[in-house]
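Heads up: the structure comes next, in structure tokens.
We did not get these values from a lab; they are worked out from the coordinates using the rules stated. Here the structure is a predicted model, which means the values were calculated and not measured. Cβ placement follows ideal geometry from the backbone for every residue including glycine, while neighbour counts extend to all protein chains displayed.
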Amino acid sequence: MKPLVIINFKLYPEAVGRKAVALAVRLSKQRFSHVQLAFAPPLSTLSEIRTKTTLPLFAQHADPVPLGAYTGHLSPEELRRLGIQGTLLNHSERKFSPAQVKKTILLCKKNKLITIVCAASLNEAKKLAMFSPDYIAYEPPALIGGNVSVTKAKPGIITKVVALIQKTSPKTKLLCGAGIHSSEDLQKALQLGMHGVLIGHAVPKAKDPLLKVKQLIS
Ligand code: G3P
């Protein structure tokens, strides 16, 4: 399986609304044979971006609710109907309780959505792996948004997360994120046993996001 490289647009001003659509369309023009590029755009743009690219799309969050009287929530069933492939859960900028993570994973599985559960530490990864998400994404919050990548700062923890998840939830694949901004960071993540990475500010905030993605994935 090709390594997964997910660009998390967050709500950066450079990647919301029309700009998010334009960014997704521009990045989709570049095909990479050796990695699977995917996007986690703002929730409000998912539906339009879905019509403009064939690349996998992930919501940045989903709630443990079915369709119905749930004002202000985002149901996994709605995401499925939009043709979205999956969702991040428990991102350090959108934390969930373990119980909410468990409930949402179950609802996502029912709707055949891929679940990428973020874990801020080895301990949290251990706890959340018990819910058998499709992916655990190790992202130490202190490194998010910075220019020191998790692969440079925490190679030992990454190695421990790989060993732990292989033991406790062998079917769960692994991603890491935080500060990833170069092809060395991506290569190092793969060497350490990751199945891919999550990238935030390095792409949407780049002078030339497409050139940045090409450099990252080269
Ligand atoms: O979801 C990935 C994101 O949190 C990483 O952010 O800006 O450190 O690449 P960044």
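Computed from backbone phi, the HN-Hα couplings of the stretch 140-149 come to x, x, 5, 9, 5, x, x, 10, 9, 7 Hz, rounded to whole numbers (Karplus: 6.51 cos²θ - 1.76 cosθ + 1.60, θ = phi - 60°; Gly and Pro given as x). Counted by neighbouring Cβ atoms within 10 Å, the residues M194, M130, M1 run from fewest to most as M1, M130, M194.
Gain on full extension, evaluated as 0.36 nm per residue between K110 and A69 minus their Cα-Cα distance, stands at 12.8 nm. In plain terms, the chain from K171 to Q215 could stretch by 12.8 nm, reckoned as 0.36 nm per residue minus the Cα-Cα distance. Note on the chain: dipole from Cβ charges, positive end direction compared against Y138, V203, V25; the farthest Cα belongs to V25.
From the alpha carbon centroid of the stretch 99-132 to that of the stretch 174-218 is 23 Å. Listed from fewest to most Cβ neighbours within 10 Å, the set T45, T159 follows the order T159, T45. Sorted from longest to shortest, the spans of the Cα atoms of the stretch 15-68 along the three principal axes equal 40, 25, 16 Å. Its relative contact order, with pairs defined as Cα atoms under 8 Å and 6+ residues apart, puts the chain at 19 percent. In this Cβ point-charge picture (+1 for Lys and Arg, -1 for Asp and Glu), the chain has a dipole of about 320 debye about its Cα centre. Consider a paramagnetic label point 7 Å from the Cα of A206 along Cα→Cβ; state which residues of the stretch 116-152 have an amide N under 20 Å from it. Under cut-off, by backbone N: 144-152. Dividing the convex hull volume of the Cα atoms of the chain by its residue count, what figure in Å³ per residue is obtained? Expressed per residue, the convex hull around the Cα atoms of the chain is 111 Å³.
Under a 5 Å amide H cut-off, with hydrogens placed 1.01 Å from N, G196 pairs with L4, C176 among residues at least 5 apart or on other chains. Sequence-ordered 3J(HN,Hα) estimates for the stretch 25-36 from the Karplus curve with 6.51, -1.76 and 1.60 and θ = phi - 60° stand at 5, 5, 5, 5, 5, 8, 8, 10, 6, 9, 9, 9 Hz, glycine and proline given as x. Here E139, E184, E124 are placed in order of increasing Cβ neighbour count within 10 Å, fewest first, which gives E184, E124, E139. Near A15, within a Cβ-to-Cβ distance under 12 Å, what is the net charge of the other residues, with Lys and Arg +1 and Asp and Glu -1? Around A15, the surrounding residues sum to +4.
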